[in-house]
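J.: My questions all concern the structure below.
The values are calculated or read from the model by the stated rules, or taken from the named source; none is laboratory data. Note that this is a predicted model, so its numbers are computed, not measured. Backbone-built Cβ (ideal geometry, glycine too); neighbour counts: all protein chains shown.
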Amino acid sequence: KHYTLRLVAAHEIGHALGLSHSFEENSLMFPVYQQFDSNFSISNDDQEGIQSLYGKPDEKSRTTTSSSTTSTHVSDGLPIDNWCSGNFQTGCEGPDGDLYLFKDTHVWRYRARAKTGWDPQPKLIRERFPPLQDTTVTACVRSSTGYVYLFHKNDMWKVRTHWSIEGPHKVHGKNYPQSPRIALFHNNSIYLLQNDLVYSLNEFNYNRELGVH
């Protein structure tokens, strides 16, 4: 059976943002994979689900552009550029169900379950995930078993809780992409993406190379 990687990624991103499975068959979050047309749009059920977590679009949200700065305001009134500049390197659902975004040596947390929004300030990765020290995280993913996998170069950490972290494990596959940029999980396999390379490895046997696509 052929899968469209973008649809799988969008479904997993939905989980990372806090969405559960939907009973609506036209929903992106429907638990059984289905192929959508190229003109597919997000269903009302998906939209209502994400708005129940993050709120509806704020009419007061605005983007102000001047000759020197651009400030994007979110619904809680905090300007994003007070937190960071540039793009995040990766993000995923954490072991506690919250959303974590990684950039350089810092990590931002969105309290999805408590519905209290973003923490006021980021923390150092080593404070949230102590074994990583000053390591950057280039890819991360949460599996169906509840474990979260963090990647940096050919190192991988397996996170059950913030206080129970295994690793680093070395991934030695000959085709393993150094510092993968995207990680996805499907059918007990972790898929790592870098440029036009897709590398898959088994969740229960890290050095069992499943293939390069």
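J.: Select the strands (runs of 3 or more DSSP E) contained entirely in the range 146-197, then report the ones holding at least 1 residues which are touching a Pro at 6+ places or on another chain (Cβ under 8 Å).
T.: Correct list: 148-152, 155-161, 164-170, 189-194.
J.: How many residues are charged (D, E, K, R), at pLDDT 50 or above and touching a strand residue (DSSP E or B) at 6+ places or on another chain (Cβ under 7 Å) if we restrict to the range 75-106?
T.: 2
J.: Let me ask something else about it. Give the residues of the range 172-186 that are exposed (fewer than 14 other Cβ atoms within 10 Å of the Cβ) and farther than 17 Å from residue 136 by Cβ, sorted by residue number.
T.: Matches in the range 172-186: 172, 174, 175.
J.: Another one. Considering only the range 135-194, how many residues are of a type in the set (Ser, Thr, Tyr) and in contact with a helix residue (DSSP H, G or I) (Cβ under 7 Å, 6 or more places away or on another chain)?
T.: 1
J.: Restricting to the range 84-127, and then to whatever is basic (Lys, Arg) and more than 17 Å from residue 162 (Cα to Cα), can you tell me which residue is surrounded by the most Cβ atoms within 10 Å (Cβ to Cβ)?
T.: Among those that are basic (Lys, Arg) and more than 17 Å from residue 162 (Cα to Cα), it is 103.
J.: Look at residue 167 and say whether it is small (Gly, Ala, Ser) and within 19 Å of residue 124 (Cα to Cα).
T.: yes
J.: Could you list all residues from the range 97-137 that are among the aromatic types (Phe, Trp, Tyr) and over 21 Å from residue 156 (Cα atoms)?
T.: Correct list: 110, 118.
J.: Looking only at the range 137-171, which residues are polar (S, T, N, Q), out of contact with any Gly (no Cβ under 9 Å at 6 or more places or on another chain) and surrounded by fewer than 18 Cβ atoms within 10 Å (Cβ to Cβ)?
T.: Listed by number, the residues that qualify are 143, 144, 145, 161, 164.
J.: Return the residues of the range 125-137 that are in a loop (DSSP other than H, G, I, E, B) and modelled with pLDDT under 85; say none if nothing qualifies.
T.: Result: 133, 134, 135.
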